[in-house]
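Single-structure report; data block below.
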Amino acid sequence: MPHPQFPIGSGFGAATTAQAALAGLDLSHATAIVTGGHSGLGLETTRALAHAGARVIVAARDAEAARAQTRDIAGVQVEPLDLARLDSVRDFARRFLAGGRHVDMLICSAGIMACPETRVGPGWEAQFTTNHLGHYALANLLWPALRGGARVVAVSSAGHHQSGMRWDDVQFTRGYDKWLAYGQSKTANALFALHLDKLGREHAVRAFSLHPGKIFTPLQRHLTQEEMTAAGWLDASGQPADPSFKTVQQGAATQTWAAASPQLEGMGGLYCEDCDIAALDQGEAPSFAGVRPHAIDPEAAARLWALSAELTGIDAFAAR
């Protein structure tokens, strides 16, 4: 059966902003958790959700910085969370569950890109750990609060076109390439959402992944100006040179739309871009538009879930 990766004609597009994607929605009943919700796309997502009335928990590695960045946004609570440390993820989930609250939206927005080779925990590659394993563990540990009606949104990237899962060396122990490692982690985000949706739909939990677009944010902190100039993102003087880059307000739109839009009611397990369902890219060479088949492969998604459960020792569905 073909995967239902077809645009639905949402009426939105690349220029839609996060607040426009939520226009007319009353989220005063909703509680959202946004990882990295104090920086870049995460901060704009926090603003848009709070503006629509949602109570937003910002999960941040640097809680003090997060409080400074969000102090002017009503309805925001900051909690410490380091996605690269399973003990920190467990502590965050334990604190939240102790409050007895339900989570309506879990937006996995935090991430790192193209960093130098870095090992965390038991020697895991940092991009795979931070971008995928930390969020995998978080969603599973928060399962009691998600069950009964929630959306989980994993912020992937067109970077997934660069690499599928490297099953023979997921942790890049035999030679590190920062872009392949990033691409694998973004494929993992999409596969995670696909399998979580399969497992969660009978409990009214649906999941989506997405490409936010190209946006200048702190995500580029590990790139030099020379690298971004060579990529055509900046001109020789260091000024933006690629007209396809979005503003932060536009870049945060797809994740807010995926988290709250009634247009997605009854759907899930889909990869989105530009506030719509993305088309499937089956070309011989990756186009960096739409979603590649390797990122929506159900068998790969199940395999990644099993690997993630083995690595972290966490699986909310293990006894099912």
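Tabulated data for the structure shown
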{"item": "Where Cys275 falls short, out of the listed (1) farther than 17 Å from Leu210 by Cβ; (2) modelled with pLDDT of 95 or more", "result": "(1)"}
{"item": "Pair list, Cβ under 6 Å, 6 or more apart: region 228-250 residue within 24 Å of Ala23 (Cα to Cα) and modelled with pLDDT of 70 or more, other residue surrounded by 18 or more Cβ atoms within 10 Å (Cβ to Cβ) and not hydrophobic (A, V, I, L, M, F, W, C)", "result": "Lys246/Gly213; Val248/Glu44; Gln249/Thr17; Gln249/Glu44; Gln250/Thr17"}
{"item": "Hits in region 44-77 (condition: surrounded by 15 or more Cβ atoms within 10 Å (Cβ to Cβ) and among the charged types (D, E, K, R))", "result": "Glu44, Arg47, Arg55, Arg61, Arg67"}
{"item": "Failed item in (1) buried (at least 22 other Cβ atoms within 10 Å of the Cβ); (2) over 24 Å from Phe192 (Cα atoms), with Leu41 passing the rest", "result": "(2)"}
{"item": "Single condition Thr118 does not satisfy, out of (1) in contact (Cβ under 8 Å) with a residue 12 or more places away in the chain; (2) touching a strand residue (DSSP E or B) at 6+ places or on another chain (Cβ under 8 Å)", "result": "(1)"}
{"item": "Within region 249-271, tally of residues that are part of a helix (DSSP H, G or I), touching an Asp or Glu at 6+ places or on another chain (Cβ under 7 Å) and surrounded by 23 or more Cβ atoms within 10 Å (Cβ to Cβ)", "result": "1"}
{"item": "Strands (runs of 3 or more DSSP E) wholly inside region 1-86 containing at least 1 residues that are under 16 Å from the mean Cα position of the chain (by Cα)", "result": "31-35, 55-60"}
{"item": "When residues of region 63-90 are limited to those that are among the acidic types (Asp, Glu) and free of Cβ contacts under 8 Å to residues at least 12 places away in the same chain, the one farthest from Val120 (Cα to Cα)", "result": "Asp72"}
{"item": "Selection status of Phe288, surrounded by fewer than 22 Cβ atoms within 10 Å (Cβ to Cβ), over 19 Å from Arg151 (Cβ atoms) and aromatic (Phe, Trp, Tyr)", "result": "yes"}
{"item": "Residue within region 272-293 that is part of a helix (DSSP H, G or I) and more than 27 Å from Gly36 (Cα to Cα) present", "result": "yes"}
{"item": "Checklist (1) over 20 Å from Ser88 (Cβ atoms); (2) assigned to a helix (DSSP H, G or I) applied to Phe192, failing item", "result": "(1)"}
{"item": "Tabulated pairs, region 145-160, first over 18 Å from Gly268 (Cβ atoms) and in contact (Cβ under 8 Å) with a residue 24 or more places away in the chain, second outside any strand (DSSP E or B) and among the charged types (D, E, K, R), C-beta under 6 angstrom, 6+ apart or interchain", "result": "Ser157/Lys186; Gly159/Lys186; His160/Lys186"}
{"item": "Top-ranked residue in region 142-154 [being under 17 Å from the mean Cα position of the chain (by Cα) and among the aliphatic types (A, V, I, L, M); ranked as surrounded by the fewest Cβ atoms within 10 Å (Cβ to Cβ)]", "result": "Leu142"}
{"item": "Unmet criterion (only one of (1) of a type in the set (Gly, Ala, Ser); (2) at negative phi; (3) not in a helix (DSSP H, G or I)) for Gly148", "result": "(2)"}
{"item": "Verdict on Val56 being of a type outside the set (Asp, Glu), within 16 Å of Trp257 (Cα to Cα) and touching a Cys at 6+ places or on another chain (Cβ under 9 Å)", "result": "no"}
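The values are calculated or read from the model by the stated rules, or taken from the named source; none is laboratory data. Just so you know, these numbers come straight off a predicted model, no measurement behind them. Every residue, glycine among them, receives a Cβ derived from its backbone with ideal geometry; neighbour counts consider all protein chains shown.
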